[in-house]
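A short write-up of the structure that comes next.
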Amino acid sequence: MTVQIPVALPTGAVTVSGDWTEGRSGDIVLIAHGAGAGKDHPFLVGLAEALVARGVSTLRFNFPYVEQGRRMPGPAAHAIATWNAVVTWARAQDPAARVWATGKSYGGRMASMAVAEGLVVDGLAYLGYPLHAPGKPEKPRAEHLPAITIPQLFIEGTNDPFIQPVEQFEAVLATCQNARVVWTEGGGHSFEVKGQKRPAAEVGASFAPVIAEYIGR
């Protein structure tokens, strides 16, 4: 079901679109897209459909810049405001449900920043956390992560240029209070593995068991 979610931005009120499917498990997984693609990317659709098949409610949603037809993300404050609005909307659907914030790359990082600023969810799951821009490990995006107390699941590819060198990523992970990582051996930033050709939807769906196990703990 397509829904429209109001978001109060510093520049004024807007709405973002989402795709909502209600499950039966009492868990809601919110799924944010990466910087270069909206909510309908096959990777995210595949993940959501596979989670729904396991009884989990899902909501894929866009950030405002995608709704406005722009390619580049807007200010972080806009993404954080969107995360707050989406969580509020989800809790209104089922106040008793546990709510989990999940995001591909940029979407996951924005969720972590929102939590660091006070957003309340039951846990975070990152699909390729972008620790730094490729080739720029001297500028890590991790200063807020140690302050997060809720569970954090990092799903990462060992060849992802956004977390090289891997030892730097592991050092950051060690500073987090309640975090673990699940590796895709040989995986890049979109979990592509050299020599293996799989549709993006299939790759996304393959992580549903990992996330389902995580939220089931």
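Read the figures in this text as sums done on the coordinates, not as results from a lab. Computed from a predicted structure; not experimentally measured. Methodologically, a virtual Cβ is constructed for each residue, glycine included, from the backbone with ideal geometry; neighbour enumeration extends over all protein chains shown.
Here are a few things to note about the model shown:
- Relative contact order of the chain, defined on C-alpha pairs under 8 angstrom at six or more residues apart (%): 20 percent
- Both numbers refer to the Cα atoms of region 9-125; Rg and Dmax are 13.1, 39 Å.
- For Lys136 and Arg54, the difference between the fully extended length at 0.36 nm per residue and the C-alpha to C-alpha distance is 25.6 nm.
- Two-decimal Rg to Rh for region 120-173 - Kirkwood Rh, Cα set: 0.96
- The alpha-carbon of Lys197 sits under 29 angstrom from the alpha-carbons of these lysines, leaving out residues fewer than 8 places away in its chain: Lys39, Lys104, Lys136.
- For the pair Glu167 and Glu213, a Förster radius of 35 Å applied to the C-beta separation gives a FRET efficiency near 0.85, rounded to the nearest 0.05.
- Counted residue by residue at 0.36 nm each, then reduced by the alpha carbon distance between them, the extension gain from Thr15 to Gln196 reaches 61.3 nm.
- Stokes-Einstein D (µm²/s) once Rh is taken as the Kirkwood radius of the chain over alpha-carbon pairs, at 20 °C in 1.002 mPa s: 125 µm²/s
- The GluC sites (Glu not before Pro) of region 2-97 include none that meets both conditions, a loop assignment by DSSP and at most 11 other Cβ atoms within 10 Å of the site Cβ.
- Distance in nm between pseudo-label sites at Thr88 and Ala147 (7 Å out along the Cβ direction from Cα): 2.1 nm
- Residues of type aspartates and glutamates that Lys139 reaches as a straight line, Cα spacing below 20 Å, ignoring anything fewer than 8 places off in the same chain: Glu156, Asp160, Glu167, Glu170
- Dipole axis of the chain (+1 Lys, Arg; -1 Asp, Glu on Cβ), positive-most option in Thr11, Ala212, Met1: Thr11
- Rounded to the nearest 20 debye, the dipole size of the chain about its Cα centre is 240 debye, using +1 on the Cβ of Lys and Arg and -1 on the Cβ of Asp and Glu.
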